[in-house]
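The values are calculated or read from the model by the stated rules, or taken from the named source; none is laboratory data. Remember, predicted model here, so these are calculated numbers, not experimental data. Positions of Cβ are generated from backbone atoms using ideal geometry, with glycine treated the same way; all protein chains shown enter the neighbour counts. Side chains are part of the model used for accessible areas, which takes the heavy atoms of the whole protein and leaves out ligands, DNA and RNA. Shrake-Rupley method; radii C 1.70, N 1.55, O 1.52, S 1.80 Å.
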Amino acid sequence: MTEAVRYSRAEVAEKTGRNAAPVWIIYKDSVYDVTKYVAEHPGGPELVTDEAGTDCTKVFHEAGHTADAYTILAKYKIGELHEEEKHYDANGKKKKIVAVKPDGQTRTCLNKVTCGLLG
Ligand code: HEM
């Protein structure tokens, strides 16, 4: 299996479609070059170009896209984010963000509530 090409969120952020730049978007930690699709988008090109360079995972979901849209999107995949910049784990689950205290101690949510109750 060939390794995925890796990009940083900063690199993607430059691909805004402006000044002849391509239109790249991030969806669930994968990077897509949708430059050639923009003009074909059934919802109009602006909906896509407005998100160019960004992580549009939430927006893409909320637009209520059908399975067709996800199939088309898959065709434009060019790579993935660097491991340390990913928001999803290997099972596609959203990574848990644990609050890290300055002294390096970590507290879970439940812990915080309990400590809060005890004062
Ligand atoms: C990232 C921002 C995007 C937004 C906010 C967005 C929003 C929308 C909206 C509102 C529609 C409905 C249009 C209508 O019924 O008149 C639509 C349709 C559609 N969009 Fe997007 N879209 C985005 C990106 C994309 C991308 C990147 C693709 C594929 C590469 C895509 C594929 C489609 C397809 C195939 C439809 C037709 C209906 C469907 O199959 O879901 N969209 N989009």
Checklist entry - If we keep just the residues of segment 1-24 that are among the hydroxyl-bearing types (Ser, Thr, Tyr) and either assigned to a loop (DSSP other than H, G, I, E, B) or touching a Lys or Arg at 6+ places or on another chain (Cβ under 7 Å) (or both), which is farthest from LYS86 (Cα to Cα)? => result THR2
Checklist entry - How about segment 78-93: which of its residues are surrounded by 10 or more Cβ atoms within 10 Å (Cβ to Cβ) and among the small types (Gly, Ala, Ser)? => result GLY79
Checklist entry - Which one of these is modelled with pLDDT of 95 or more and under 14 Å from the mean Cα position of the chain (by Cα): LYS58, LYS75, LYS36, LYS93? => result LYS58
Item to check | Tally, over segment 25-42, of residues that are open to solvent by 30 Å² or more (accessible area, probe 1.4 Å) and either farther than 22 Å from TYR70 by Cα or assigned to a strand (DSSP E or B) (or both) | outcome: 1
